[in-house]
1. Any idea which of (1) at pLDDT 65 or above; (2) assigned to a helix (DSSP H, G or I) is the one Met62 doesn't satisfy?
2. Do you know which residues across the range 1-48 are at pLDDT 85 or above and not in a helix (DSSP H, G or I)?
Amino acid sequence: MKNSLFEARKNLIGWIESLDDAEVLQKLIDIKNSASLEECATNINSEKVEEQDFDQQFAAGMTPDELLENIASHIESIDSEENI
């Protein structure tokens, strides 16, 4: 699979290097830019989901047992950082 992807990329690069059509090059640039924008939008949306999850969990509150577990975990992490 990796070899076929490598070969496909190699063929595309060779084709693009020999391409003299400005319109086709501009279309390729537009495709690249739109793919980058989609990736950015996906990353932003995933951050919003994580943020909403935190807000929902915060609004729901914590049980006393969860609070004690979190405090114990935090204290352990501080101890392990000091020992480094």
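The values are calculated or read from the model by the stated rules, or taken from the named source; none is laboratory data. Bear in mind that the values here come from a model prediction, so they are computed numbers and not experimental data.
1. That leaves (2) as the condition not met.
2. Ser18, Leu19, Asp20, Asp21
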